[in-house]
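Since the structure comes first, as structure tokens, the remarks are kept for the end.
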């Protein structure tokens with residue numbers, strides 16, 4: 001089961017030193033396969049992405065992704081991008097730049113579209129109840145998605161905060177899980 005840490009300024013802040021400390025602690029505490037920088041509002045994104053990539057590399061995280069910003073991923077030599085559900089039209093641009101691409105999906109049709117456009121993986125959400133993300137899809141949806149769409153990684157996302165939830169995801173066909181709050 002692959003693990004996928006996603007940052008959020010609500011928990012990591014946009015203060016460079018606090019961000020660095022919080023990220024380092026999370027990466028040292030958990031075995032992480034994928035790490036994604038996600039911040040859609042801070043004015044110091046370039047500095048934070050640079051810090052994120054450097055810390056991940058220092059701690060031997062190889063699958064470093066930047067949420068939404070293809071140009072920042074290229075500039076800071078991240079492995080890839082995690083595109084939002086509104087960025088399907090940028091999958092080709094990211095793939096042409098040699099980036100690994102994960103896309104946020106909320107339906108099997110989204111997953112099929114992401115795969116057809118060349119995405120390497122998707123997050124499928126929300127699996128569990130989470131603030132402001134709508135009705136949860138549940139665990140069975142992960143199995144249905146994996147059976148419906150072959151040859152693309154599917155990460156469970158949404159409301160994953162406990163070991164018990166992770167244990168229940170491990171019993172599905174999902175390739176892994178992604179979370180913000182679990183890793184903090």
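All of the numbers you see were taken from the coordinates with simple rules; none came from a lab. None of the values given here were measured: they were computed from a predicted structure. Cβ atoms come from the backbone with ideal geometry, glycine included; neighbour counts cover every protein chain shown.
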Problem - Qualifying positions in segment 21-31 - without any contact (Cβ under 8 Å) to a residue 40 or more places away in the chain, surrounded by fewer than 17 Cβ atoms within 10 Å (Cβ to Cβ) and assigned to a helix (DSSP H, G or I) - result: 21, 24, 25, 28
Completion exercise
Over segment 33-54, the set of residues under 16 Å from residue 184 (Cα atoms) and surrounded by 20 or more Cβ atoms within 10 Å (Cβ to Cβ) is 34, 35, 36, 37, 39, 52
Practice task
Within segment 3-18, track down each residue that is in a loop (DSSP other than H, G, I, E, B) and more than 23 Å from residue 122 (Cβ to Cβ).
Solution key: 13, 14, 15
Completion exercise
Looking across segment 44-76 at residues that are part of a loop (DSSP other than H, G, I, E, B) and over 17 Å from the mean Cα position of the chain (by Cα), the single one that is nearest to residue 9 (Cα to Cα) is 44
